[in-house]
């Protein structure tokens with residue numbers, strides 16, 4: 001459960017960072033780079049969260 005919480009917090013931070021970039025005076029090129037970087041960083045987090053959700057769904061069907 002701790003891992004799920006930490007992964008959720010990381011995704012919230014990524015979301016916050018992207019909103020800051022979107023509202024800033026960065027150039028379009030800098031914004032594109034920031035979005036690409038965040039996409040790379042969060043792809044691993046999304047995979048971990050989906051695995052966790054599948055495990056939870058599997059536990060629900062067993063109980």
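Values quoted throughout were computed directly from the atomic coordinates according to the rules given, and no laboratory measurement underlies them. This one's a predicted model, so the numbers in the text were calculated from it and none came from an experiment. Virtual Cβ from ideal backbone geometry, glycine too; neighbours counted across all protein chains shown.
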For this session: Test residue 39 against the criterion of being within 16 Å of residue 53 (Cα to Cα) and part of a helix (DSSP H, G or I), and give yes or no.
Result: no
Problem set entry | Output for the stretch 5-30, where each listed residue is touching a helix residue (DSSP H, G or I) at 6+ places or on another chain (Cβ under 6 Å) and either surrounded by fewer than 11 Cβ atoms within 10 Å (Cβ to Cβ) or in contact (Cβ under 8 Å) with a residue 24 or more places away in the chain (or both) | 7, 10, 11, 14
Exercise. Out of curiosity, is residue 57 surrounded by 11 or more Cβ atoms within 10 Å (Cβ to Cβ) and assigned to a helix (DSSP H, G or I)?
Worked result: no
Problem set entry | Verdict on residue 33 being in contact (Cβ under 8 Å) with a residue 24 or more places away in the chain and either part of a helix (DSSP H, G or I) or loosely packed, with under 10 Cβ neighbours inside 10 Å (or both) | no
Problem set entry | Positions within the stretch 14-30 being part of a helix (DSSP H, G or I) and farther than 14 Å from residue 49 by Cβ, in sequence order | 16, 17, 18, 19, 20, 21, 22, 23, 28, 29, 30
